[in-house]
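Notes to accompany the following structure.
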Amino acid sequence: MAPPATQPPSSTCNDVIAGFGDADTVWDAIAGNPELSVVAGAIELVSLPDSYDTAEPITVFVAVDAVYDEIPANVLDSILADDELLTGLLSYSVIPGNALDPADLVEAGIMTTASGADLTFAADDDVVLINDGEATICSGALFRNGIILIVDTVLQPPSDEMSSPGSSAPGSSVPAFTEEQEAVATAFETAVDSTLTYEEQAPFIEDAEALRATIEHYPAAADVVMGISAEVANVSIDGETAAITYVLSFNGVDAGYGELDATMALLNGAWVVPTDEYCAFQAQARNNCPA
């Protein structure tokens, strides 16, 4: 699993700004900047500029190529191949009708994007936070038809605004399992599904209360790969333990690790992911358990 993206240093932001050169429009600036080749290619794939009147000011949030490098190649390829998903992702990074600098955004507090979903903004000392810290604004540059703001993370619409290819409910795709095997599979799939809440996952994780901070931070840790989930392929039960194999997915797409192994335990009549097993899984997502 890839580590989470971090805010680009100011030197990187300055390099991005310098890369805009003498570009006239927002779209020309992105297309000609070597630090923004991924988002430029994505914009071209869905002909995004055609959706906007060139006389109408816009605010566009973009992440540098280094941020996209943190997304596994197969996940990124699946997004770029899905026009609807890609358009939704890019539209969530555009505020039409206004060219807003960071101070304007903080003053507004909330703005509706071209996708119809909202972004929120707040100041924390000298940093402008987007969506309560989901992303921060690094720097920006003004053009004839709008402003480009460099952000440290790919902005992701709320899950109900986007469809994820291949996603399924925990336990919904298990292959001809017995009732007990299905209980094991559902317990594991629920415990590692980054879209679920602490309350939903806690019954399936040993000593969940002691791991509350790790469980609650998991969705944010998984954001860099646009969500983590698993599908259990095999279950072998031996008394109060069960050996499983599973396939890991990022954003509903096979992460490419093949079948992985894990162990489950039967505690007080319920199947759970043992603490050490859960913490080992989370460590791979750079989301460590308490010492």
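The values are calculated or read from the model by the stated rules, or taken from the named source; none is laboratory data. Note that the structure is predicted; figures quoted are calculated from it, not measured. Every residue, glycine among them, receives a Cβ derived from its backbone with ideal geometry; neighbour counts consider all protein chains shown.
Things worth noting here:
- Yes/no for Ala233 being among the aliphatic types (A, V, I, L, M), touching a residue at least 24 places away in the same chain (Cβ under 8 Å) and outside the structural domain of Asp69 (by TED's automatic domain parsing): yes
- Cross-chain or 6+ apart pairs with Cβ under 9 Å, the range 263-291 first and charged (D, E, K, R), then part of a helix (DSSP H, G or I): Arg286/Ala221; Arg286/Val224
- Conditions (1) at pLDDT below 95; (2) not assigned by TED's automatic domain parsing to the domain that holds Ala29; number of the one not met by Val128: (2)
- Scope the range 51-93; condition more than 17 Å from Ile148 (Cα to Cα) and assigned to a loop (DSSP other than H, G, I, E, B); matching residues: Asp69, Glu70, Ile71, Pro72, Ala81, Asp82
- With respect to being crowded, with 20+ Cβ neighbours inside 10 Å, assigned to a helix (DSSP H, G or I), at pLDDT 95 or above and of a type outside the set (Phe, Trp, Tyr), Leu149 falls outside the description.
- Residues that are within 18 Å of Ala141 (Cα to Cα), touching a helix residue (DSSP H, G or I) at 6+ places or on another chain (Cβ under 8 Å), among the hydrophobic types (A, V, I, L, M, F, W, C) and in contact (Cβ under 8 Å) with a residue 12 or more places away in the chain within the range 28-48 comprise Ile30, Ala31, Leu36, Val39, listed in sequence order.
- Annotation note: Cβ proximity below 7 Å between a residue of the range 102-116 that is free of Cβ contacts under 8 Å to residues at least 40 places away in the same chain and part of a helix (DSSP H, G or I) and a residue that is of a type in the set (Gly, Ala, Ser) and surrounded by 11 or more Cβ atoms within 10 Å (Cβ to Cβ) (sequence gap 6+ or interchain) occurs for Val106/Ala122; Val106/Ala123.
- Residue match in the range 204-220 (condition: free of Cβ contacts under 8 Å to residues at least 12 places away in the same chain, among the small types (Gly, Ala, Ser) and over 27 Å from Tyr68 (Cβ atoms)): yes
- Residue in the range 70-81 that is modelled with pLDDT of 90 or more and surrounded by 18 or more Cβ atoms within 10 Å (Cβ to Cβ) present: no
- Among the residues of the range 18-34, just one is over 16 Å from Ile58 (Cβ atoms) and buried (at least 23 other Cβ atoms within 10 Å of the Cβ), namely Asn33.
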